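Some notes on the structure that comes next.
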Amino acid sequence: MSGKSRRDFLKKSVAIGSVATGLSASTAKAGPKNILSEDRMGVLVDTTACVGCRNCEWACKDAHNLPAGNLDSYEDRKILETKRRPDQTALTVVNEYPHGKNSNLPVDVKVQCMHCDHPACVSACIVGAFSKQENGSVIWDTDMCIGCRYCMAACPFQIPAFEYDKAINPLIMKCDFCFNRTKDGKLPACVNICPVEALTCGPRHELIKIARNRIKRNPNRYVNHILGEYEVGGTSWMYLASKEFKELDFPDLGKNPAPGVSESIQHGIFAYFVPPVSLYALLGGIMWITKRRKELEEEEKI
Amino acid sequence: MSHELVNPVPIKHKFFTPGVYVLIVIALNGLVFLMGRFFFGLGAVTNLNDQYPWGLWIGVDVAAGVALAAGGFTTAAFGHVMHKEEYHAIVRPALLTAMLGYTFVAVGVFVDIGRWYFIWHPLIMWNGNSALFEVGICVMIYMTVLYIEFLPIVTERFIGKVNLPGLLTALNKPADKILRLLDRGLSKTMFIFIIAGVVLSTLHQSSLGTLMVIAGPKMHPLWQTPVLPLLFLLSAVSVGFPMVIFESLIASRSLKLKPEMHILSRLGSMIAPLLGIYLAFKIGDMFIRETFVYLNEFTTASVMFSIEVVLGVIIPLRMFLSPKVLKSPPLLFTASALVVFGVLLNRINNFVVAYTPPYSTESYFPSFGEISVTVGFVALLVLAYRFIVMNFPVISLPGQQTAQPKKYTIRGVEK
Ligand code: SF4
Ligand code: SF4
Ligand code: SF4
């Protein structure tokens, strides 16, 4: 890529977009549940504490009825040599990177859905199968999904996976923040099993305070950046790290919510159906006038 | 009113020719892979994966299909809304192309979505924020409108000619009555549908452009712009007439008819300004966002973008400005084919080439199965077109008064 980053273009795009439509994204009407509660939960992932034991991978599979295998088999660290992505067989994976500042230990990064505050998947889904719940989870409804995979094209973190090998009822697979557990106040399976304090679950605003505190107390240990505090409008899952997030394969995303531009265009075109109806009236008018003119011409000829 | 020009008749010609057999083989090959998709899932036939959720089928069957069927609404707007009756001869072929085109778009969607049996869900499950929802609903309604617009051609074919076999002969009279009733009702209300068709087309042609906006930085900046909806609409409008010319010249060649050059040249003369507007917005957008820096690099994206703009817009634009091109069938055909190619490539670029997800490990190229299905659909479409123009009054033969009574020649335009 040349000097300019895609983010710059996106920034400009946002500016053009809002000029082009002149409407804000907040005028949504028909749509899926998309609650942004004050007390929404989140998880703070401290990659400097993570030891790469991959117990979370096992617990996650176990909690979602995916073939999990034996917990002992996860001790094999060979698998950390390749970079993996969450997919239909594993909703979360841990990747390992070379050590960061002031430490000789490798950096381990757990990857899963970020549970965005303004999720692109919720905005995009054609039938509204995705929703943002009050406790912060972004979940997916199998009874609605038509399998169009637009959510996958939309997600800026490239998270949703799809069961391409199934002819009937293929599922969209992604971390659901263990909604079945968290809705009853239980901890997510991965947070529950984590043997060190790499995963902290709690109200998002508390987590931000904790994260700031850790950075303040240990400025040598952390880079001064909480990933997810502002990225794409904020996410429920947030990260601390000892090196730049770019080096840990996090995409460089701006602060604007991913669905912002497309929603404002969408609502601009539709704005309470005024533009389509006006266009209809305009065309009807033209049709009537040209017809009248033709008739008059014909009458004159006779 | 100039009835000599509008004179649609079923074309008499042999259906089966060597070319038709080739098309049948291509279509059957596609159907074989299609069965694979339904029995073994999308993964068995396509190269799609978690990195590239959308591929050839969405880019070509759906996005390009919708764009290339734009001839239906541009000619309807021109012929009916603006009452340019000289052009009525091409309204019906364009309508047929649009109807078949949208039918195949719908089939394309049906094949591509993982849960095809839930294709009706958007009718009752709404997400007004989703560009895809808007496209889906508009395409569904517009397809219905196209079928309604085509109905008069069917009634015209059968009125006074209903001839049911055997025991059903008793029903001939009532059937004829129903057809006449339908015909009368339709010609009184057709203008409603014609305008609705134009509005619906404007909406979903542009929303198709909004689709990829949400992909944000996953899409190459040469294409990713908030004015995508406008670019999609402008390109659809400018490909409408070239597509009509393109297929009209192919049809007259294959059915051994004299090309309607007097209409086609006049249509051709209107393409240059439309292409010019599209080009101006495309280049203007590139300069405002300063994306031309990417053209200095030699990448798939920059090459594809250049081909799309130079071969698909600039060269045909120059050609359509020349009177010589407008008068010569081969040159007019070439210029139109270039525009069609340009828009096809633009849709492929937007949906496939421009899409580079952050964690892609390999790039996407359609599988043999995907290509077979797409090509098979095109073959089926051509066969359906051929069958319909041979059995229904769609194509006009200038000069021959073999048509139906005048009353039925122009729909929705009461005299
Ligand atoms: S990370 Fe992707 S899948 Fe998860 S909530 Fe955000 S947009 Fe949706
Ligand atoms: S694949 Fe399912 S969940 Fe994803 S956008 Fe399509 S309908 Fe919605
Ligand atoms: S929150 Fe639940 S679903 Fe998500 S990664 Fe942890 S265990 Fe898996």
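Note on segment B:318-361: residues that are over 23 Å from B:Leu295 (Cα atoms), without any contact (Cβ under 8 Å) to a residue 60 or more places away in the chain and not aliphatic (A, V, I, L, M) amount to 7.
Name the one entry in B:Ile192, B:Ile148, B:Ile178, B:Ile159 that is more than 14 Å from chain A (Cβ to nearest Cβ) and under 30 Å from B:Pro229 (Cβ atoms). Of the residues listed, the single one that is more than 14 Å from chain A (Cβ to nearest Cβ) and under 30 Å from B:Pro229 (Cβ atoms) is B:Ile148. Is it the case that segment A:16-23 has a residue that's surrounded by fewer than 17 Cβ atoms within 10 Å (Cβ to Cβ), at pLDDT below 95 and either under 23 Å from the mean Cα position of the chain (by Cα) or among the hydroxyl-bearing types (Ser, Thr, Tyr) (or both)? No; the residues of segment A:16-23 include none that is surrounded by fewer than 17 Cβ atoms within 10 Å (Cβ to Cβ), at pLDDT below 95 and either under 23 Å from the mean Cα position of the chain (by Cα) or among the hydroxyl-bearing types (Ser, Thr, Tyr) (or both).
Restricting the search to strands (runs of 3 or more DSSP E) fully inside segment A:105-207 and requiring at least 3 residues that are in contact (Cβ under 8 Å) with a residue 40 or more places away in the chain and open to solvent by 10 Å² or more (accessible area, probe 1.4 Å) gives A:199-203.
When you go through B:Ala94, B:Ala76 one by one, which is the residue that is in contact with an Asp or Glu (Cβ under 9 Å, 6 or more places away or on another chain), modelled with pLDDT under 90 and open to solvent by less than 30 Å² (accessible area, probe 1.4 Å)? Step by step, each of B:Ala94, B:Ala76 is checked, and only B:Ala76 is in contact with an Asp or Glu (Cβ under 9 Å, 6 or more places away or on another chain), modelled with pLDDT under 90 and open to solvent by less than 30 Å² (accessible area, probe 1.4 Å).
For segment B:128-152, the set of residues classified as touching a Ser or Thr at 6+ places or on another chain (Cβ under 8 Å) and of a type outside the set (Ser, Thr, Tyr) consists of B:Asn129, B:Ala131, B:Glu134, B:Val135, B:Cys138, B:Met143, B:Pro152, listed by residue number.
If you filter segment B:326-358 down to residues that are open to solvent by less than 40 Å² (accessible area, probe 1.4 Å) and more than 24 Å from the chain's Cα centre (by Cα), you find that the one that is nearest to the other protein chains (Cβ to nearest Cβ) is B:Pro357.
Pairing each residue of segment A:246-258 that is acidic (Asp, Glu) with any residue that is surrounded by fewer than 14 Cβ atoms within 10 Å (Cβ to Cβ), provided the two are 6+ apart or on different chains, yields C-beta distances under 8 Å for A:Asp252/A:Lys246. Going residue by residue through segment A:195-204, is there one that turns out to be closer than 21 Å to A:Ala120 by Cα, more than 14 Å from ligand 1 (Cβ to nearest atom) and basic (Lys, Arg)? There is no residue in segment A:195-204 that is closer than 21 Å to A:Ala120 by Cα, more than 14 Å from ligand 1 (Cβ to nearest atom) and basic (Lys, Arg). Scanning segment B:364-405 for residues being over 20 Å from the mean Cα position of the chain (by Cα), surrounded by fewer than 13 Cβ atoms within 10 Å (Cβ to Cβ) and either at pLDDT below 50 or farther than 30 Å from B:Met82 by Cα (or both) gives a total of 5.
Residue count for segment B:33-43 satisfying the condition of being out of contact with any Ser or Thr (no Cβ under 7 Å at 6 or more places or on another chain) and more than 7 Å from chain A (Cβ to nearest Cβ): 4. On the stretch given as segment A:158-184, residues that are within 8 Å of chain B (Cβ to nearest Cβ) and farther than 25 Å from B:Gly108 by Cα total 0. Filter segment A:35-63 for residues that are among the charged types (D, E, K, R), touching a strand residue (DSSP E or B) at 6+ places or on another chain (Cβ under 8 Å) and either part of a strand (DSSP E or B) or farther than 14 Å from A:Arg77 by Cβ (or both) and give the result. Within segment A:35-63, A:Asp39, A:Arg40, A:Asp46, A:Lys61 qualify. The set of residues in segment B:97-117 being facing chain A (nearest Cβ under 9 Å), open to solvent by 10 Å² or more (accessible area, probe 1.4 Å) and farther than 14 Å from B:Ile58 by Cα consists of B:Trp116, B:Tyr117. Restricting attention to segment A:90-106, does a residue exist that is more than 16 Å from ligand 1 (Cβ to nearest atom), closer than 21 Å to A:Lys174 by Cβ and in contact with a Phe, Trp or Tyr (Cβ under 9 Å, 6 or more places away or on another chain)? Checked against the condition, which is being more than 16 Å from ligand 1 (Cβ to nearest atom), closer than 21 Å to A:Lys174 by Cβ and in contact with a Phe, Trp or Tyr (Cβ under 9 Å, 6 or more places away or on another chain), segment A:90-106 yields no hits at all. Suppose the filter is in contact (Cβ under 8 Å) with a residue 60 or more places away in the chain and within 14 Å of another protein chain (Cβ to nearest Cβ); does B:Val199 pass it? No. For segment A:221-236, the count of residues that are in contact (Cβ under 8 Å) with a residue 40 or more places away in the chain, open to solvent by 30 Å² or more (accessible area, probe 1.4 Å) and part of a loop (DSSP other than H, G, I, E, B) is nonzero. For segment B:46-60, the set of residues classified as assigned to a helix (DSSP H, G or I) and in contact with an Asp or Glu (Cβ under 7 Å, 6 or more places away or on another chain) consists of B:Leu56, B:Trp57, B:Ile58, listed by residue number.
With the structure loaded, tell me whether A:Asp72 is within 16 Å of ligand 2 (Cβ to nearest atom) and charged (D, E, K, R) or whether it fails that test. No, not satisfied.
The values are calculated or read from the model by the stated rules, or taken from the named source; none is laboratory data. All of these numbers come straight from a predicted model, not from anything done at the bench. With ideal geometry, Cβ positions are generated from the backbone for all residues, glycine too; neighbour counts draw on all protein chains shown. Only protein heavy atoms, including side chains, enter the accessible area calculation; ligands, DNA and RNA are left aside. Shrake-Rupley method; radii C 1.70, N 1.55, O 1.52, S 1.80 Å.
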